[in-house]
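The values are calculated or read from the model by the stated rules, or taken from the named source; none is laboratory data. Just so it is clear, the structure is predicted and the values come from calculations on it, not from any experiment. With ideal geometry, Cβ positions are generated from the backbone for all residues, glycine too; neighbour counts draw on all protein chains shown. For accessibility, only protein heavy atoms count, side chains too; no ligands or nucleic acids. Shrake-Rupley method; radii C 1.70, N 1.55, O 1.52, S 1.80 Å.
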Amino acid sequence: MQYSQLSTRICIPYAVSLQPKTTWNRPKFNNEKSTVGHCTRVPRNANMEKLQSGYLFPEICMREFEHSQKYPQAGLIRLGVGDTTEPIPDIITSAMAEHAHALSTVQGYRGYGAEQGDTALRKAIAETFYRDVGVKANEVFVSDGAQCDISRLQMLMGPNVSVAVQDPSFPGYIDSSVIVGQAGMFQDENGKYENIVYMKCGHENNFFPDLSTTSRTDIIFFCSPNNPTGYAASRQQLQQLVEFAKANGSIIVYDSAYATYISDESPKSIFEIPGAKEVAIEVSSFSKFAGFTGVRLGWTVVPEELLYLNGFPVIKDYNRIVCTCFNGASSVAQAGGLACLSKDGYRALSAVVDYYKGNAGIIADAFASLGLKVYGGKNAPYVWVHFPGMSSWDIFSEILEKTHIVTVPGRGFGPGGEEYIRVSAFGQRERILEASRRLKNLYK
């Protein structure tokens, strides 16, 4: 969609007896026209009004689009939104193509599948990623991606729970908390929502919160390796987190979407920690390790041992949410997921992951050569770069304007991201090398 073709509908109340009109001060896109349209008598969801500006990544895409219109010959390099770029290995796409073709035959046609996912795929996920930690296939719920599952989990928990997030963290945790009514009002003075606990996770505390000063909450969102910092929590740190959750009667929602990028001894699953099955749910995804950002496939593990205050199993309520709100992941995508977890498929994907990690090393070296502090890039496909004393949006704008490279301002991940930018390692190698050259010329 071309932004120049968008129009804003500005509503005028039908009668003075209706709700008082409010003003929405969203700036217009270039050449955007305003029109007058009919208003219903349905009030807007008050929680939606609490969201701050636009969601981060569409905002980045909008600025990227405007820049490409301004400099059409600049050779824009996209290292912002974390979208994979390398082709999916043939062994996986062939399995999807075969399954899709079978749907055109009487023998091969299948309609609805189980909402929880294909039995063979659930079993393969449990055996591939959780073999040594006791996760059973029936505890695995296949989905259309981790981000969708985060919203389903928010629906499961409802508006009356308290929430903690890492700061900085993936914005989906906070925005979904706002939408379901957990967050309270936004505080302009500190850039935080009043009812969300922000757990500072910066280089000064080794990217792990000081749990001795962290308030008790019902839900703790925790991502490792972390997006955006790229830091993978150590076993000792995760032991502390599990113990903290147990002591406080909390549930950890653990996002392991980047676990396949871990290169050291850091745990790849929260369930490697003893006792975690009593306090944690894990969400994960095929997007970043299999290139399924467009195919859409993920999973959530809800252990049978996880219980509510009244002793009722969480898994039973989550199963109800899934059956009510979701008709199951695409059977074609699930056929691809099963191929991903075959011996040859997994080997092929590991090579692609190594390719992206090589890109991350190139980017990290480029910034480090300029004397900047660089974090991440070893256990995740993201590099987290510190520009002391500078606004992250100013850094983003300067790099985009002068080098035609798209990054992501750290402030978009929370107050703790100020002075940083996140740089994605998803890209073709020649473009990564060109980005390295441009950056070195800018800051030399």
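Annotations
- In this view, the solvent-accessible surface of residue 212, computed with a 1.4 Å probe and all protein chains in place, comes to about 100 Å².
- Heavy-atom accessible area per residue - the chain, 1.4 Å, Å²: 48
- Mean Cα-pair separation over length for segment 90-341, i.e. relative contact order, pairs under 8 Å, 6 or more apart, %: 26
- Taking all protein chains as they are arranged and a probe of 1.4 Å, the heavy atoms of residue 70 leave approximately 120 Å² accessible to solvent.
- Partner aspartates and glutamates for residue 268 [C-alpha distance under 15 Å; skip if fewer than 8 residues away on the same chain]: 127, 132, 255, 282
- Reachable aspartates and glutamates, given that their alpha-carbon falls under 16 Å from the alpha-carbon of residue 200 and they are not under 8 places away in the same chain: 167, 210, 418, 419
- Ranking 288, 440 from most to least accessible surface, computed with a 1.4 Å probe over the protein chains only, gives 440, 288.
- Full-extension gain in nm, residue 188 to residue 160, via 0.36 nm per residue minus C-alpha separation: 7.7 nm
- Segment 132-207 shape via C-alpha gyration tensor axes, a/c threshold 1.5: oblate
- Note on residue 278 and residue 319: the model spin-label points, each 7 Å out from Cα along the C-beta direction, lie 2.3 nm apart.
- Sorted largest first by accessible area at a 1.4 angstrom probe radius, with every protein chain in place, the residues 203, 404 fall in the order 203, 404.
- Tensor-based shape of the chain (alpha-carbon gyration tensor, a/c under 1.5 rounded, otherwise prolate or oblate): rounded
- Residue 115 accessible area, assembled protein chains, probe 1.4 Å, Å²: 50
- Where 251, 91 fall by accessible area, highest first, once all protein chains stay in place (1.4 Å): 91, 251
- Modelled FRET efficiency - R0 25 Å, residue 442 with residue 83, Cβ distances, 0.05 increments: 0.55
- Among the DSSP helices (H) of the chain, those spanning at least 27 angstrom by Cα along their long axis with an average Kyte-Doolittle hydropathy of -0.5 or more are 343-368; this is a geometric and hydropathy rule only.
- Taking the accessible area of the chain, probe 1.4 Å, and keeping the other protein chains in place, the carbon and sulfur fraction comes to 52%.
- Residues residue 93 and residue 73, FRET efficiency given R0 of 45 Å [Cβ-Cβ distance, rounded to 0.05]: 0.85
- Anisotropy class of segment 59-174 from Cα gyration tensor, a/c 1.5 cut: oblate
- Unsatisfied cross-links (Cα-Cα over 24 Å) in the set 70/402; 277/343; 277/357: 277/343; 277/357
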